[in-house]
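Written below as structure tokens is the structure these notes are about.
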Amino acid sequence: MMVLPRWRWPRSIPMPISATTTKTSRFRAYAIAKAARNRKSSGALRAIALLVAAFAFLPGGCASTSLAPSVTAQQATIERNDSRAVGSADNAESVGLVDAQSLAPGLQLDIRYAGSDNFVGAPIDGYHAPRCLLLRPAAQALARVERDLRTQGLRLRVFDCYRPMRAVRHFVRWAADLEDQASKPIYYPRLDKRELLGDYIAPTSGHSRGATVDLTLERCDGATCAPLDMGTPFDFFDSRANTDAADVTALQRGNRDRLRAAMQREGFRNYPLEWWHYTLQPEPSPGRYYDVPVR
């Protein structure tokens with residue numbers, strides 16, 4: 001049995017009223033908080049790490065509704081006080097974000113957060129157009145993936161690319177609103193909504209750094225394309241969405257493996273809890289988050 005190292009709750013974070021945890025979440029919190037104490041880290045990164053550690057110590061590894069307002073407030077403080085963490089530009093071009101379709105003409109876009117076909121059920125803050133914006137190295141790598149897949153009769157369908165930080169705040173507000181359960185049957189049928197804050201919805205997102213994409217594969221016959229069966233929909237909050245989940249069919253696992261292999265060939269790494277989520281490695285801008293709107 002694993003023996004957990006002793007851990008002292010950070011003085012900068014109030015102790016939750018209930019801190020019943022699993023060994024996994026306790027160990028994750030310990031590791032994150034230890035990294036946060038590294039003096040080489042920026043003030044913003046230490047604060048973000050401590051916030052994530054706080055999430056891990058709440059029941060089920062998630063935040064309670066009473067914590068959500070303070071998470072949002074602390075996130076805003078990080079953004080205001082540390083310019084190294086958040087870019088202050090007001091347009092995509094000035095920070096190096098480019099339209100991925102300009103490098104991969106015909107790239108199929110299904111940008112869910114620009115409309116109402118998403119777990120919130122409404123357009124998300126910061127999405128004014130259904131565009132895929134990425135930092136140029138990530139957009140170039142994605143274009144190479146698309147070109148390679150087309151030789152196999154396959155194509156990418158992109159759900160999300162760069163995500164403004166204001167969109168992430170929108171997600172946190174939605175997750176804290178326990179009265180809104182409209183999307184539960186489709187997106188989180190086996191979870192209590194209070195479990196979403198933490199592993200599923202965090203106060204910051206790698207998408208805001210401009211090198212992460214959410215996508216799937218399509219098989220095309222002429223002008224007609226159909227998505228491959230991946231076992232769950234996009235943004236499905238459930239362990240079945242884990243890339244290597246055991247409770248999917250051999251066909252579904254094969255499709256996930258095919259997507260992962262195609263993305264890995266061009267330097268993208270999968271986030272194991274979501275089969276659709278890939279980040280270019282190394283990231284072009286690993287310590288910088290952006291909040292410019294998608295227009």
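The values are calculated or read from the model by the stated rules, or taken from the named source; none is laboratory data. Because the structure is a prediction, the values reported are computed rather than measured. Note that each Cβ is placed from the backbone with ideal geometry, even for glycine, and that neighbours are counted across all protein chains shown.
For the reader, a short list of remarks on this structure follows.
- So E283, is it over 12 Å from the mean Cα position of the chain (by Cα), closer than 30 Å to N91 by Cα, buried (at least 17 other Cβ atoms within 10 Å of the Cβ) and at pLDDT 95 or above: yes
- Candidates F171, F234 - the one that is crowded, with 22+ Cβ neighbours inside 10 Å, free of Cβ contacts under 8 Å to residues at least 60 places away in the same chain and not hydroxyl-bearing (S, T, Y): F171
- If you go through the range 181-210 and pick out every residue that is more than 11 Å from the chain's Cα centre (by Cα) and either crowded, with 16+ Cβ neighbours inside 10 Å or of a type in the set (F, W, Y) (or both), you end up with 11.
- Qualifying residue in the range 213-220 (condition: over 20 Å from the mean Cα position of the chain (by Cα) and either modelled with pLDDT of 95 or more or surrounded by 18 or more Cβ atoms within 10 Å (Cβ to Cβ) (or both)): yes
- Positions within the range 169-217 being in a helix (DSSP H, G or I) and of a type in the set (G, A, S), in sequence order: A175, A176, G206, S208
- Residue list for the range 123-140, filter: over 18 Å from the mean Cα position of the chain (by Cα) and either surrounded by 23 or more Cβ atoms within 10 Å (Cβ to Cβ) or assigned to a loop (DSSP other than H, G, I, E, B) (or both): H128, A129
- Verdict on R194 being touching a Cys at 6+ places or on another chain (Cβ under 9 Å) and under 23 Å from I124 (Cβ atoms): yes
- Members of the range 135-189 found to be farther than 26 Å from S116 by Cβ and of a type in the set (K, R), listed by number: R136, R144, R147, R150
- Residue in the range 157-177 that is on the phi > 0 side of the Ramachandran plot and in contact with a Leu (Cβ under 8 Å, 6 or more places away or on another chain) present: no
- When A100 is tested against (1) under 16 Å from the mean Cα position of the chain (by Cα); (2) in contact (Cβ under 8 Å) with a residue 60 or more places away in the chain; (3) surrounded by 20 or more Cβ atoms within 10 Å (Cβ to Cβ), only condition (1) is not met.
- Within the range 144-168, if we keep just the residues that are part of a strand (DSSP E or B), charged (D, E, K, R) and touching a helix residue (DSSP H, G or I) at 6+ places or on another chain (Cβ under 9 Å), the residue that is surrounded by the fewest Cβ atoms within 10 Å (Cβ to Cβ) turns out to be R155.
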